[in-house]
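No value in this document is a laboratory result; all are computed from the given coordinates. The shown structure was predicted, so the numbers you read here are calculated from the model rather than taken from an experiment. Don't worry about glycine lacking a Cβ; one is built from the backbone with ideal geometry, like all the others, and counts go over all protein chains shown.
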Amino acid sequence: MVRSEELGIGYEHDEGVAWVVEDLDLEVEHGVVTCLIGESGCGKSTIGNAISGLLPPYARTYGRLVVADRVVIDGDKMNFTGVRGKVVVRIAQDPASALNPYLTIGEQLSTAIRTHFPGLSEHDVRSKALELLSDVMLGEDVYDRYPHQLSGGMKRRAAIALALAPEPEVIVADEPTSALDAYLKYAVASLLKKLQREWELTLVFITHDVSIARYICDQVVVVYAGRIVEEGASPRCLESPSHPYLELLLKALPKRFSKDRLADIPGMPPRPGMYPTGCKFHPRCPYVFERCRQEEPPIIKAGDRLVRCWRYYEQSLT
Amino acid sequence: MSSLPLRSTIEDITSLLTRTWRKRPGFRVSLIIMIVLFTVAALGPYIAPYPRQGLGVEIDVTNALLPPSPKHILGTDSLGRDVLSRVLFALGRGLYQSLVVVAVSLVLGIVVGSFTALAPRSIEAVVSYVIELLLALPSILLAALLAILLGGTATSITVALIVTWFPWYARVSYLQARGLRELDFVRIPLYYGLSRAYVVVKHIGPNILAPMIVEALSDMGSVVLEISSITFLFGIGIGSFEEPDLGMMVANGLRDLVRAPWVFTAPAAILALIAIVFTVFGEAVYEEHHPILRRRWWLWF
C-alpha cells in the first residue's frame, strides 16, 4: 500500500538543505497497522507528512514513494493529485488546529462530504455526517456544536471523523494520543484500531509512546535520526529488542513495583543536517566499537527482523 | 443548510454588545445618545426649519449674526443662515462620511491583510513594508495632502481618510491571519490546492471578522474627529464654502467668537458630544473584548 525506495526528505534553509530523512526503505502492506516509533525530531512526522502529501513547499526529496500504486514522489518531483486527501489522509497532532472554530462540526463534516461525493442530496450528506459521528462514537448532538464546546477527547474524535469523510484507504495518524490522559489514550487508540478493522484501512501510527505502540500495532518501525534502525513484527520486536536504541528506549519505560531510578538514554538526538558519521546512534550507544564510528551499518536481517547495527553483521554472514 | 460562517460572527458581536450593556452604565448612556444622534442625523434634512439655508444655497445677509430666538433657535451665522439647520445637515454628512470611511477601510483592511498573510514571501514583505510606511506617516497631514491633490471635495476627503485608515485594519488583520495560517485548517486546504480566495472567505475571514468589527466600532469617534480636524485646519474637503460641515462651521464661527458665540458653540458642542460618546462606546466595547486592558489607564501615570 505504501512503499518507499531510498526516500530522502529535507528542508531548504539559508545554507542549503537539511536532510531529515535519508535512504528510507519502508513497506506497509494493505490492512496493516504500522507504528513509527522514535524520539522527537527524528523525522517521524516528516515521514508521515510525506506519505499524506502534506510536505511544505520548501521540502526537497529524492528517491521514490509509492502510495496505493501511484508514484507520488519521484526524485525531486511530487505529484499527489488524486491521492492526497482522498486515498490517504492525516489525522493531525493537534485537533484544535484541524477544526475551524467558527464552523460547527456538522458544517465542517458536510463540506468534506460534499467535496468528495458531489451529487449527494442535502439529506444524504447529513445522514452520512451523522453516520461518521456515530462511527467515532459521538452523539448526534455534536453535529450542531462548535469545536470549543467539545472536550479534548471529543475534538480528537471529531477530527478523526473529518479524516474519514473521504473514505480513505490509508490513514496517517500523527501522534493522535499526545496530550491525552492514560485512559483517553487507550480509548482513542482502540477506536482507531476498531475503525481500521471495520474499514480495512492501512494505518500508519506515529508515536513516541511504546506502550501504545505495543497495544495497537502489527508492524513496528523504529526510526532514529531519519533512518529505520529496527523493523519487525510487533509483539516479539518490542519484547526482545535487537537494536541498542530500542533496547534503551524500552528500559526507559516506567515499571510497576520497581524502586530503581528511571533509566534514560544519555545525550540528545542529533539535529537534522548535523548527523554524525558512521552509525548515527554511536555517540549514545553503550556497545559502540570502532567500526560504528567509521561506517554506517546497512540494514541487516537478524532472525525475524531487520536491524541497522554492526553487532548483527557477523551473525548474518553465517 | 447553507453554511453560514457569518452566523457565529453575528452571535459573537451581539453577545459582546449585550454583555457590555449589562455591565457598563457608560455604554448604555453612550449607546442611547448614539442612537439619538444617528436618528437626528437621518431625519435632519426633513426636520430642519430652513433646509435651503442648511444646504447653503440660500443666504440672508440682513439677518446675519442674530442671537438665539424662537425663530432661529440657535441663532444665525455671519451669512444669516439658521445655525440649527446647518448643524442638522452637517451632522448627517459627517456621520455618513465616517461610516463610509470605517466600513470601506474595514473591508479593504481585512482583504489586504489576510491575502498578505497567505501571499508568497516576497509579496508579503513588500506589502507589509508599504503598510508600515503608511502607518508611520502622520495621517492628518497625509489625508490633507491627498485631499488637496484629489481636488478638495467631500469625496476626496473620504478617499484620503480611507487611504490613511485602512493600514491599521490591514495591519491588525494581517497579524491575526498570520497566527491562523500555521493552523491545519488553513494550511492543509492550501496544500490541497484550494484557492487562496476560498481559504480567506471560508476560514480566515470568519475567524478575524469579530475582533476587527470591535476595532472598527471603537474607531468611529476618531474618524469623525479627524474629518472635522482636516476641514477645520485646512478648510478643504468641502466643494464650496456654503456646504455644511462641522469642522468648517467651527472654523468660521471662530471669527465671530466675541460678537456671536452661538455660531461657534453649537457645532463645537455637537463635535465634542460625538467625540465623547463614540469614545466611551468604543472603549467599553474594546475593554469588554480585551479585559486585560481594563486597567490600562494606570500606564498613564
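Being part of a helix (DSSP H, G or I) and farther than 22 Å from B:I230 by Cα is the filter here, so list the residues in the range B:53-84 that pass it.
Within the range B:53-84, the subset part of a helix (DSSP H, G or I) is B:53-55, B:61-63, B:83-84.
Answer for the range B:53-84, where residues must be part of a helix (DSSP H, G or I) and farther than 22 Å from B:I230 by Cα: B:Q53, B:V61, B:T62, B:N63, B:L84.
Confirm whether B:L137 is among the hydrophobic types (A, V, I, L, M, F, W, C) and either surrounded by fewer than 17 Cβ atoms within 10 Å (Cβ to Cβ) or within 13 Å of another protein chain (Cβ to nearest Cβ) (or both). Can you show your working first?
Numbers: among the hydrophobic types (A, V, I, L, M, F, W, C): yes; either surrounded by fewer than 17 Cβ atoms within 10 Å (Cβ to Cβ) or within 13 Å of another protein chain (Cβ to nearest Cβ) (or both): yes.
Here the answer is yes, as B:L137 does meet what is asked.
Test B:R178 against the criterion of being assigned to a helix (DSSP H, G or I), charged (D, E, K, R), more than 25 Å from B:S229 (Cα to Cα) and touching a residue at least 60 places away in the same chain (Cβ under 8 Å), and give yes or no. Break it down stepwise before answering.
On the way: assigned to a helix (DSSP H, G or I): yes; charged (D, E, K, R): yes; more than 25 Å from B:S229 (Cα to Cα): yes; touching a residue at least 60 places away in the same chain (Cβ under 8 Å): yes.
Answer is yes for this residue.
Being in a strand (DSSP E or B) and within 8 Å of chain B (Cβ to nearest Cβ) is the filter here, so list the residues in the range A:63-89 that pass it.
The initial filter retains those residues of the range A:63-89 that are in a strand (DSSP E or B), namely A:63-67, A:70-74, A:77-78, A:84, A:88-89.
A:R84, the sole residue that qualifies.
Across the range A:26-62, what is the total count of residues that are assigned to a strand (DSSP E or B) and within 14 Å of chain B (Cβ to nearest Cβ)? Spell out how you get there, then give the answer.
Quick first cut of the range A:26-62, residues assigned to a strand (DSSP E or B) only: A:26-28, A:33-37, A:59-62.
This time we only want the ones that are within 14 Å of chain B (Cβ to nearest Cβ), so: A:59.
Matching residues across the range A:26-62 total 1.
Evaluate the following for A:P95: is it touching a residue at least 24 places away in the same chain (Cβ under 8 Å), farther than 20 Å from A:G232 by Cα and within 16 Å of the chain's Cα centre (by Cα)?
Details: touching a residue at least 24 places away in the same chain (Cβ under 8 Å): yes; farther than 20 Å from A:G232 by Cα: yes; within 16 Å of the chain's Cα centre (by Cα): yes.
So A:P95 passes the test.
Does A:D14 meet the test of being free of Cβ contacts under 8 Å to residues at least 24 places away in the same chain and either within 14 Å of another protein chain (Cβ to nearest Cβ) or surrounded by fewer than 16 Cβ atoms within 10 Å (Cβ to Cβ) (or both)? Working first, answer last.
Numbers: free of Cβ contacts under 8 Å to residues at least 24 places away in the same chain: yes; either within 14 Å of another protein chain (Cβ to nearest Cβ) or surrounded by fewer than 16 Cβ atoms within 10 Å (Cβ to Cβ) (or both): yes.
Answer is yes for this residue.
From the list B:V250, B:V199, which one is crowded, with 19+ Cβ neighbours inside 10 Å, within 14 Å of another protein chain (Cβ to nearest Cβ) and either in a helix (DSSP H, G or I) or among the aromatic types (F, W, Y) (or both)? Give the derivation first.
On the way: B:V250 fails: within 14 Å of another protein chain (Cβ to nearest Cβ).
That would be B:V199, the only listed residue that is crowded, with 19+ Cβ neighbours inside 10 Å, within 14 Å of another protein chain (Cβ to nearest Cβ) and either in a helix (DSSP H, G or I) or among the aromatic types (F, W, Y) (or both).
Condition check ((1) within 24 Å of the chain's Cα centre (by Cα); (2) buried (at least 20 other Cβ atoms within 10 Å of the Cβ)) across all residues:
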| residue | (1), (2) |
| --- | --- |
| A:I216 | yes, yes |
| A:Y224 | yes, yes |
| A:P241 | yes, yes |
| A:A252 | yes, no |
| A:K255 | no, no |
| A:L262 | no, no |
| A:R293 | no, no |
| A:D304 | yes, no |
| A:L317 | no, no |
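Return the residue satisfying two criteria in turn: it lies in the range A:94-105 and is surrounded by 22 or more Cβ atoms within 10 Å (Cβ to Cβ) and over 15 Å from B:L6 (Cα atoms), and of such residues it is nearest to the other protein chains (Cβ to nearest Cβ).
Only one residue tops the list, namely A:A98.
Considering only residues that are buried (at least 17 other Cβ atoms within 10 Å of the Cβ) and away from chain B (no Cβ under 14 Å), which ones fall in the range A:113-162?
Answer for the range A:113-162, where residues must be buried (at least 17 other Cβ atoms within 10 Å of the Cβ) and away from chain B (no Cβ under 14 Å): A:L132, A:L133, A:D135, A:V136, A:L138, A:V142, A:L150, A:G153, A:M154, A:R157, A:A161.
Given the options B:L190, B:L217, B:L209, B:L225, name the one that is without any contact (Cβ under 8 Å) to a residue 60 or more places away in the chain and out of contact with any His (no Cβ under 8 Å at 6 or more places or on another chain).
Values: B:L190 fails: without any contact (Cβ under 8 Å) to a residue 60 or more places away in the chain; B:L217 fails: without any contact (Cβ under 8 Å) to a residue 60 or more places away in the chain; B:L209 fails: without any contact (Cβ under 8 Å) to a residue 60 or more places away in the chain.
Testing whether each residue is without any contact (Cβ under 8 Å) to a residue 60 or more places away in the chain and out of contact with any His (no Cβ under 8 Å at 6 or more places or on another chain) leaves just B:L225.
Counting only residues that are charged (D, E, K, R) and touching a residue at least 60 places away in the same chain (Cβ under 8 Å), which one in the range A:27-58 is farthest from A:L7 (Cα to Cα)? Lay out the reasoning, then the answer.
The initial filter retains those residues of the range A:27-58 that are charged (D, E, K, R), namely A:27, A:29, A:39, A:44.
This time we only want the ones that are touching a residue at least 60 places away in the same chain (Cβ under 8 Å), so: A:29, A:39, A:44.
Working: A:E29: 17, A:E39: 20, A:K44: 13 Å.
The extreme case among them is A:E39.
When you look at B:I13, is it within 14 Å of another protein chain (Cβ to nearest Cβ), touching a residue at least 40 places away in the same chain (Cβ under 8 Å) and among the hydrophobic types (A, V, I, L, M, F, W, C), yes or no? Can you show your working first?
Numbers: within 14 Å of another protein chain (Cβ to nearest Cβ): yes; touching a residue at least 40 places away in the same chain (Cβ under 8 Å): yes; among the hydrophobic types (A, V, I, L, M, F, W, C): yes.
Yes; evaluated as a whole, the condition is true for this residue.
Just give me the residues in the range B:182-196 being part of a helix (DSSP H, G or I) and either among the small types (G, A, S) or within 11 Å of chain A (Cβ to nearest Cβ) (or both), in sequence order. Even if it seems obvious, please write down each step before you answer.
As a first pass, look at the range B:182-196 and keep what is part of a helix (DSSP H, G or I): B:184-191, B:196.
Of everything in the range B:182-196, those that are part of a helix (DSSP H, G or I) and either among the small types (G, A, S) or within 11 Å of chain A (Cβ to nearest Cβ) (or both) turn out to be B:D184, B:F185, B:V186, B:R187, B:I188, B:P189, B:L190, B:Y191.
For the range A:212-318, which helices (runs of 4 or more DSSP H) that fit wholly inside it have 2 or more residues that are in contact (Cβ under 8 Å) with a residue 40 or more places away in the chain? So that I can check it myself, show each step before the final result.
Working: elements: A:234-239, A:244-251, A:290-294, A:313-317.
Fully inside the range A:212-318 and qualifying: A:234-239, A:244-251.
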